[in-house]
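Following: one structure in structure tokens, then a few remarks.
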Amino acid sequence: MNRLLRLLFVVLIAYPVVLAWLGVSVANRKRLPIKGPGIIIANHNSHLDLLTLLTLFPLSKVHLVHPAAAADYFLKNRWVAWFATRVVGIIPVVRGGDPKQSDPLAGCVQALQEGKILVLFPEGTRGEPERLSEFKSGLWYLCQQFPEVPVTPVFMHGLGRAMGKGQWIPVPFFIDVYVDEPVYCRSDKSVFISDLKQRFESLQNNAQGRDS
């Protein structure tokens, strides 16, 4: 049932909004994982980020894709929680808890163990439109447990203008998506995070170069 609901969500909501209303161009789509376990990391500027990412995958693979999302935001009432977990397929992450008492990434660990494709937003929350924020270190801690799992950076350009923070109605701006080469975890946390940030900045420069 959940698989059917997710397909309907993508076909009836994501496709019309992202592909018909906005329009998307994708560079290097073939670099996206089509089987798990895998990790996709993307910049986070809009509520449309996840919808856009879901449209990048064949419908036969959509059931494998699960975004990690803040439990305090998406589980705040039973109806939002049902939709977020059953239809969208989020993996709830508890923010601000004591990691000594419970692992906030336990759901992400389980998803990767089950061969899922996990979507992470390393900035942690939606930032200012078309700007990159600092990356959180949770990604590194997760990758340390799965050093053989590829991490694929995806940069989305235009969603901050189409429906940025504080907006509730999407404006029809065309979206450019850039998929980078997969990388793997490094033993040094700062080097790993810095390398990923540089990759995103390079993709961002490419996108802004096309605008000029």
In whole percents, the bins of 10 Å from zero upward hold the Cα-Cα pairs of the chain as 8, 35, 40, 15, 1
Could you give the longest part of the chain that holds none of the GluC sites (Glu not before Pro) found in DSSP loops with at most 16 neighbouring Cβ atoms within 10 Å? 1-113
Please find the FRET efficiency linking Asn205 to Met1, where r is the Cβ-Cβ separation and R0 is fixed at 41 Å, and quote it to the nearest 0.05. 0.40
In the stretch 1-80, trypsin sites (Lys or Arg not before Pro) in a DSSP loop with at most 15 other beta-carbon atoms within 10 Å: Lys35, Lys76
Residue-span extension gain [Gln144 to Arg131] - 0.36 nm each, minus C-alpha spacing: 1.9 nm
Identify, among Leu120, Val11, Ser25, the residue whose Cα sits farthest towards the positive end of the charge dipole of the chain, taking +1 on the Cβ of Lys and Arg and -1 on the Cβ of Asp and Glu, with the dipole about the Cα centre. Val11
When the chain is fully extended, how far beyond the present Cα-Cα distance does Leu12 get from Val109, taking 0.36 nm per residue of separation? 31.9 nm
Kirkwood Rh over alpha-carbon pairs of the stretch 1-75, then Stokes-Einstein at 4 °C and 1.567 mPa s: what D in µm² s⁻¹, rounded to an integer? 97
Suppose each label sits 7 Å from its Cα in the direction of the beta carbon; what would the Trp82-Phe174 distance come out to in nanometres? 4.1
May I ask which of Lys76/Lys197; Lys35/Lys197; Lys35/Lys189 have a Cα-Cα span longer than 29 Å here? Lys76/Lys197
Could you tell me which of rounded, prolate or oblate describes the stretch 45-157, using a ≥ b ≥ c as the square roots of the eigenvalues of the alpha-carbon gyration tensor, with rounded for a/c under 1.5 and, failing that, prolate when a/b is larger than b/c and oblate otherwise? rounded
Counting only DSSP beta bridges with both residues in the chain, tell me the antiparallel percent, nearest 5. 20
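Throughout, read-outs are computed from the coordinates displayed, never taken from laboratory work. Quantities reported herein were computed from a predicted structural model and do not represent experimental measurements. FYI the Cβ positions are ideal-geometry reconstructions off the backbone, even for glycines, and counts take in every protein chain you see.
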